[in-house]
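Accompanying notes for the structure given below.
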Amino acid sequence: MEELASGWLAVGLGVSVHTLACFPVAGYGDEDQRASLLPDLIGGELLGAYCLSEAHSGSDAAALATRATPTGDGYLIEGGKAWTTHGGVADFYTLFARTGGPGSGSHGISCFHVPASTGGVRADPPERKMGMSSSPTAAVRFDEASVDGRALIGSEGQGFSIALAALDSGRLGIAACGVGVAQAALDLAADYSRRRHQFGRAIGDFQGVSFLLADMATQVEAARELYLAAARSRDSGRPFGKQAAMAKLFATDTAMRVTTDTVQILGGYGYTRDFPAERLMREAKVLQIVEGTNQIQRMVIGRHLSGRQ
Ligand SMILES: Cc1cc2nc3c(=O)[nH]c(=O)nc-3n(C[C@H](O)[C@H](O)[C@H](O)COP(=O)(O)OP(=O)(O)OC[C@H]3O[C@@H](n4cnc5c(N)ncnc54)[C@H](O)[C@@H]3O)c2cc1C
């Protein structure tokens, strides 16, 4: 993920979101669902999208309003999702919808695997974003979309805990993307500082520039070690939610700082499209927002520290 993002974040994030969309079937699907769906999902034959956010419920995801009404042998889905990465191009939507009654809160949410070909499913035109133009982000509508009972992943009411578990792991992917973007910017800045001369010297010889580079490099290394440590905890079956939130927070804030400083080191050229510095800066920004804003990461970390999670 880190390598992909250092070349092109849209690809890194695409893989990260696809993995997020596969997570519920892999972790909570029954044997039939896993056998029939996983080979094409993990083999990359089918592209996935993850539909949690809605126009009026972003950070407060448990307030989502899309409904899935039981019909006897399946569900009728009605509502709209916002900000769906791969909306309109995905082959399937991993959807979180309300099966509980009013006031059911986070316990009334269920998870569904909805093929994009389902009648009543359609995407709006892609959002016009600051960056990541090659990664389509669109609202997706579900107008009386009918799915059979096998579309339900896990049990009714389990959806929100599935969504949070997926995001815990997804944050490691976003952190890795942040480090990739930051490393690409650092490499560009260091190279430029050796080649650009002012006052008869390479600008990297000036302490003002070399200290900036030293801080950037230190932050990138620290961010990498943080997400790798969280990933190792996950691999060995230890709790990793707090570390994943810390890694996402630190790595993506680092990406923002390092890419901004790279534009500064490139001077006027950094502000042009002749160099990738400005693209990296625009890419870094979205990482502070997706899969829980960095304010939400602080909330998650705070809850762990105060014993509320
Ligand atoms: C390019 C892109 C791709 C995306 N892809 C997907 C996707 O594939 N699937 C999906 O489900 N979603 C996706 N999202 C949505 C993304 O997860 C949300 O934008 C994000 O969770 C924030 O929600 P919001 O935009 O509604 O902001 P809001 O929740 O309205 O937040 C607005 C501001 O208030 C702050 N805030 C909110 N609550 C608190 C609080 N309690 N304490 C402190 N600060 C707070 C936030 O940090 C933010 O700064 C995508 C977004 C973008 C931009």
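Observations, loosely collected:
- If you take the alpha carbon atoms of the chain and fit the smallest convex hull around them, that volume is 133 Å³ per residue.
- Cross-link partners of residue 129 among lysines, defined as those whose alpha carbon lies under 23 angstrom from its own and excluding same-chain residues fewer than eight positions apart: 81, 248, 285.
- Shape analysis of region 2-157 based on the Cα gyration tensor places the equivalent ellipsoid semi-axes at 25, 19, 14 Å, largest first.
- Cubic angstrom per residue, convex hull over Cα atoms of region 23-69: 115
- Relative packing of 174-182, 256-264, 190-198, 272-280, which averages over residues the other C-beta atoms within 10 Å, highest first: 174-182, 256-264, 272-280, 190-198
- For region 162-305, the alpha-carbon coordinates run over 57, 25, 23 Å along the three principal axes, in decreasing order.
- Shape call, region 154-214: gyration tensor on alpha carbons, a/c limit 1.5: prolate
- Computed helical MRE - 222 nm, the chain, DSSP H runs ≥ 4 contributing -39500 (n - 2.57), nearest 500: -17000 deg cm²/dmol
- Peptides 90-99, 60-69, 160-169, ordered by how many other C-beta atoms sit within 10 Å of their residues on average, highest first, read 90-99, 160-169, 60-69.
- For the chain, the longest principal axis of the alpha carbon atoms and the long axis of helix 294-305 meet at an angle near 70°.
- Here residue 242 is the anchor, and the aspartates and glutamates within straight C-alpha reach of less than 18 Å, apart from those fewer than 8 places off in the same chain, are 168, 225, 253, 291.
- For the chain, the longest principal axis of the alpha carbon atoms and the long axis of helix 31-42 meet at an angle near 30°.
- Label separation (residue 89 vs residue 76): 3.4 nm, computed from points 7 Å beyond Cα along the C-beta direction.
Quick note: the coordinates plus some simple rules give every number you see, no bench work behind them. Values in this document were obtained by computation on a predicted structure and should not be read as measured data. Backbone-built Cβ (ideal geometry, glycine too); neighbour counts: all protein chains shown.
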